[in-house]
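Below you'll find the structure, written out as structure tokens, and then a few comments.
The values are calculated or read from the model by the stated rules, or taken from the named source; none is laboratory data. These figures come from a predicted structure and were not determined experimentally. Every residue, glycine among them, receives a Cβ derived from its backbone with ideal geometry; neighbour counts consider all protein chains shown. Note: areas computed on protein heavy atoms with side chains; ligands, DNA, RNA excluded. Shrake-Rupley method; radii C 1.70, N 1.55, O 1.52, S 1.80 Å.
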Amino acid sequence: MHASAPDRPAPADPARIEVALGERAYPILIGPGVRHRLPAEVARIGARRVVVVSARPPEWTPDPGVPHRVVPARDGEHDKNLATVEQLCRAFADFGLTRADAVVSCGGGTTTDVVGLAAGLYHRGVAVIHLPTSLLAQVDASVGGKTAVNLPEGKNLVGVYWQPRAVLCDTEHLGTLPEREWRNGYGEIARAHFIGAGELRDRPVAEQIAACVALKASVVAADERDSGLRHILNYGHTLGHALERATDFRLRHGEAVGVGTVFAGRLAGVLGRIPPARVAEHRDVVADYGLDTTLPAGVDHDELLALMRRDKKATSGLSFVLDGSAGPELVADVPEPAVRAAFTGM
């Protein structure tokens, strides 16, 4: 059941975080009612017409303030594919969208991923503004310009870097989320604990979102295209992505990242990179967010290993972002016996 959308103007002072990318810099606004700022952001970038791709009901889909078409979408991994990208691009063409126009996404993380990729490909790139409506999308998926869809062979294997022109994280959307969607977002917040966001467990959700976004914005500004530092944002994701595929997405992204974060701590311990207390901290933090810390029943270790070898980061054997005395870093050529040892007991 969806809550009714309050029809009121946005407050004067939402949290504002800038992604500092020179001429391509853009704002992220966080707070109640910021979706009502969409017309101002559309006007700021000079778009004359807009296609709004929305996975939310009409009362939660804001008017962009210019001639527009709303294209309905559906959140979920099973629509995160090239067929959906083609459908969206054809809808853009049917509406007569040009490079002077813009696309708006309104939905969860899979919607921002798919719409971002379609915007990045159509006419070799049209402006996109994201209105992430789930906790996971607000803390992570909508920020940073990574867009991708899945192939049967693996997650996020086809994509481009295409930065949005603005991100509007309206915390009023979170009031419509079922409990499982909160857990899905908390998986990304738990992982952020180990890559520099600090202790977030007792802070209000708006502060948790802002802390995660600020961390990601600083990393993206320093390393937009994953040549080094940005790898730390994939903490917990190598096993997480494999678990999503192995369970046919019964395990949600954030839930899988939570398990992957516990595993990353165990693997770092097996390799002698961190002491036992830090290994235990990984489990405690993930558990405190209400997430599972064990592998789902019936998942085959050999299948997980095969999926992880196809991970985008795996340019040299099994590769993982792991904690260590100098902080998290990408570690290549991790021995398979160490990975299997980390699985033991999970």
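Between the range 54-99 and the range 251-289, the C-alpha centres lie 37 angstrom from each other. Label point of Asp63 set 7 angstrom out along Cα-Cβ; within the range 16-54, amide nitrogens under 14 Å from it belong to 36-40.
Over the chain, what relative contact order in percent results from Cα pairs under 8 Å that are six or more residues apart? Intermediate results must be reported in sequence, preceding the final value.
Details: 684 pairs, mean separation 48.9, N = 346.
Normalised by residue count, the contact order of the chain is 14 percent.
Checking every one of the trypsin sites (Lys or Arg not before Pro) in the range 203-265 against DSSP loop status and a limit of 13 other Cβ atoms within 10 Å picks out Arg225, Arg250. Rg/Rh, computed from the Cα trace of the range 227-344 with Rh as the Kirkwood radius, has the value 0.93.
Restricting the calculation to Cα atoms, every distinct pair contributes to the Kirkwood radius of the chain, found to be 20.3 Å.
Around the amide H of Tyr26, modelled in the peptide plane, lie the amide H atoms of Val19, Leu21, all under 5 Å away and 5 or more residues distant in sequence or on another chain. In the range 77-216, the alpha-carbon atoms span a convex hull of 113 Å³ per residue.
Between Ala277 and Arg90, residue separation times 0.36 nm minus the direct Cα-Cα distance comes to 62.0 nm. Surface exposure of the chain, expressed per residue as accessible area with a 1.4 Å probe, stands at 40 Å². Accessible surface of the range 134-190, 1.4 Å probe: 55 percent of it comes from carbon and sulfur atoms. The length gained on full extension between Ala83 and Arg250, counted as 0.36 nm times the residue separation minus their Cα-Cα distance, comes to 58.0 nm.
Among beta bridges identified by DSSP and lying wholly in the chain, the antiparallel ones come to about 35 percent.
Full extension of the chain between Asp202 and Arg24 gives 60.6 nm of extra length, using 0.36 nm per residue less the Cα-Cα distance. Between Thr344, Val52, Val279, the Cα set farthest toward the positive side of the dipole of the chain (charges on each charged residue's Cβ, about the Cα centre) is that of Val52. Protection proxy ranking of 181-192, 298-309, by the mean of other Cβ atoms within 10 Å over each peptide's residues and highest first, is 181-192, 298-309.
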